[in-house]
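Colleague: Before anything else, here's the structure in question.
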Amino acid sequence: MDTPHKPHFIRPCTRVWLVLVILTCLTYAIGEAGLGGTAVMLTVLGTAVVKVELVASYFMGLRRTRWLWRGIVLGWLLLVSGLITVAYFKALG
């Protein structure tokens, strides 16, 4: 069975991959620029959270599962990122 080929069609997983590459380049550029401070830390951590959510949803297949499993992964992600944020602010003292 032949399906017509759409030459300009980009699959969702390809779009997600491109977003992941762009976000990775962004965090790399921030690191190479030697930027620091609370705003930079929150930006990098927020970028990491978005990347984890994209990987979990599109490449681990969680977007097609029940809300329970997505909630467990999202809860874990928020817990870990929250603990990292608390540790950062505690270290600033």
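Colleague: Kindly check whether there is at least one residue in the range 58-75 that is among the polar types (S, T, N, Q) and modelled with pLDDT of 95 or more.
Modeller: Looking through the range 58-75, none of the residues is among the polar types (S, T, N, Q) and modelled with pLDDT of 95 or more.
Colleague: Another question, if that's okay. Of the residues in the range 17-49, how many are in contact with a helix residue (DSSP H, G or I) (Cβ under 7 Å, 6 or more places away or on another chain), under 18 Å from T85 (Cβ atoms) and either of a type in the set (A, V, I, L, M, F, W, C) or not in a helix (DSSP H, G or I) (or both)?
Modeller: Count: 6.
Colleague: In addition: Filter the range 62-93 down to the residues that are part of a helix (DSSP H, G or I) and among the basic types (K, R), then identify the one that is farthest from C13 (Cα to Cα).
Modeller: K90
The values are calculated or read from the model by the stated rules, or taken from the named source; none is laboratory data. Since the model is a prediction, treat every value here as computed from it, not as a measurement. Virtual Cβ from ideal backbone geometry, glycine too; neighbours counted across all protein chains shown.
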